[in-house]
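Please treat every number below as a calculation from the coordinates, not as lab data. All values derive from a computational prediction rather than experimental measurement. Cβ atoms come from the backbone with ideal geometry, glycine included; neighbour counts cover every protein chain shown.
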Amino acid sequence: MSRGTRLFMSLIYWGFVVYVFVPLILMVMMGFKDSKFIGFPITSWTLDWYTRVFADAEVLNAFVYSMVIAIASTAFSLAVGTWIATLLVGRSFFGRGIIFGLTILPALIPGIISAIAFRIYAQLWGVAPGMGAIIWAHAVHNVPFVMLVVSARLATLPPSYHDAARDLGADPVVAFFRVTLPYLKPALIGAGIFCMLLSFDDFVRSFFLGGYKPTLPVLIFAKLRSGMSPEINAISSVVLVLTAVLGVWAERSMRRMSKGN
Amino acid sequence: MPGKAETRPGSGILSDEQDGPRTAGSRRTFWGALVAAPLYQQVVGTLLGSPRRQFAILVTLPVIWLLTQHLGPMLQMLYVSLVDSYPTAPGHERHFTLDNYARFFREAIFVMPFLRTLVFAAVLTFVTLIITYPVAYFLARHVRRDNQLVFLLLLLIPFWVGEIVRTFAIMILLGNNGAVNLALKWLGFIDRPVPFMYTGFSISVGIIYLTALYMLLPLYSALEKLPKSYTEAAADLGAGAWTRFRKVTLPLTLEGIASGCTLVFLISTGYYATPVLLGGPSTTVFAETIAGFFHVAGDQWPTGAAFACLMFVTALALTAVFNRFMTQLQHRGRK
């Protein structure tokens, strides 16, 4: 590869890095602007917007509400996704392809269609819009991601581990909980954080399935529609930092496992 | 006798003996105690007695879940799209009808957003491919393997952030008092701000910003799998950089291109908040049309459901045709 192309390629890469980071950096900067008016240039700086956000009960409530939804939906997704992965990995049976395809389905349905399909489905089962409905929709939407991550890890589990456990007197249930599950731990941590982020940041499902109480993205959306202020920047920046830290942690957890530790 | 030893509870794996020496007469752990319980033995013995029964137990929950949770909502949406009222008011009867679908073709105002969404999604998918291919190529072929993770992680960080926050970031970038306009003014290109916002352009920038990752990852993994020796061999045989790319790299990464494009296309047809926040009245996409039927009273739901079905089936059909075409391209390359 000539040095010219190499340099050109690295320029494109760094250009792309700039493209994905600059909007977020500008957004964070705007949260420190000492004026009610969003826009450049920024002439004086303040921390007021942040102190205001941490004192704003509406924002804090929405944050807690989103967290509860994220944790609850993740618990369901992890359980079901792991179960399906256990069924699919290392077995061949009639209908395996269909089960795999159906598991992936929610990840392929465009957001708006998945949201209204669940709105209708919740009506069918008499589930009122609100926390339960959102948790339900998020749980279903995140199952494919858990299944894919857990399957990848499960495929690397040497069969001898399981055989050894059985030889030592463990029945399949005990062998699963004492051998398979500990082996899956990094995958479960990675997939769990991934699901929590997907749920926490989800807008379209939370918007159509929510009652009067907004999740954090729905609240930000409402604030954006009624007029922008640097307060939204402060909220978004807090969300950004939290998400980025958790995301990097999940990614590391999953990458480490692919190296076989 | 060996059989007896195998099932002796409280031994080996069940008692944590491997954790170190214990007091004499090894203490039973939770699992040891559980396995020793007669009720547990009876239940597990009946349920998991044969491999066949084990499989039946293992397969039941996924099948029920997939049918009721993954397929159910779509089927119910299809059903609602075929009836005249939903939720039906008490005392009224529900009838099957195709009128909800007919409405799409009858009223011209629905066709434009529909076509706009598909064209937008197709064009944006192509643009995303052009932008991210060199990035993926650089990552997979030019960065040292030990550093690839760091370089990839750097790009992943912004993509963990949700739709709303990133859309907001684009609003700040492109607004009349936004960074781009400020920069252009400062450089002396313009006197008054360019109205980037509330146009097809701002929606495009926003959606590419949201979907680039879904293109980047499949491309990266396809390029990473491609052995360097292939292009080196082509170079030894005298192929120039462009020929190597066209004859070796591109044909062998078609699969990654196909899955990346399929993902991005399907996902970008489904964005709702981004077009609402970044678009204007002349850029209404079909997601907004569908959503409109759910904001008003319940009797519009069947129409909304029918429109959603139309959108989904069309998008799936287009990706199916596209994937077929890509497979054919791959086979032709092999001959």
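Tabulated data
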| read-out | value |
| --- | --- |
| Crossing angle, helix A:131-154 versus chain A [Cα axis fit, 0-90 degrees, rounded to tens] | 50 |
| Peptide B:171-184, shielding by other chains (average Cβ, 10 Å cutoff) | 4 |
| Cα-projected label distance for B:T243 with B:V127, points at 7 Å along beta-carbon direction, nm | 3.5 |
| Other-chain or far-sequence residues with amide H under 5 Å of B:V83's (modelled H) | B:T97 |
| Average beta carbon contacts from partner chains per residue of A:9-21, 10 Å cutoff | 6 |
| Test item: B:151-159 mean partner chain Cβ contacts at 10 Å | 6 |
| The range B:210-335: relative contact order as a whole-number percent, Cα under 8 Å and 6+ apart | 27 |
| At 1.306 mPa s and 10 °C, Stokes diffusion of the range A:53-258 via Kirkwood alpha-carbon radius, µm² per second | 85 |
| Other-chain or far-sequence residues with amide H under 5 Å of A:K33's (modelled H) | A:T46 |
| Phi to ³J(HN,Hα) by Karplus 6.51 cos²θ - 1.76 cosθ + 1.60 over the range A:19-31, Hz, x for Gly, Pro | 4, 7, 8, 4, x, 6, 5, 4, 5, 5, 4, 4, x |
| Relative contact order (%) - chain A, alpha-carbon pairs under 8 angstrom, separation at least six | 31 |
| Under DSSP loop assignment and at most 14 Cβ neighbours within 10 Å, longest trypsin sites (Lys or Arg not before Pro)-free interval of chain A | A:92-258 |
| Cleavage-rule hits, chymotrypsin sites (Phe, Trp or Tyr not before Pro), the range A:91-159, DSSP coil, Cβ neighbours within 10 Å at most 15 | A:F93, A:F94, A:W125 |
| GluC sites (Glu not before Pro), loop per DSSP, at most 10 other Cβ atoms within 10 Å - longest free stretch of chain B | B:108-335 |
| Hz values of 3J(HN,Hα) by residue in the range A:183-193 - Karplus curve (6.51, -1.76, 1.60), Gly and Pro given as x | 5, 7, 3, x, 5, 5, 5, x, 5, x, 5 |
| For the range A:211-223, Karplus couplings with θ = phi - 60° (6.51, -1.76, 1.60), whole Hz, Gly/Pro x | x, 7, 7, x, 7, 4, x, 5, 5, 4, 4, 4, 5 |
| Inter-label distance for B:S229 and B:A33, nm, one decimal - labels placed 7 Å from Cα along Cα-to-Cβ | 5.9 |
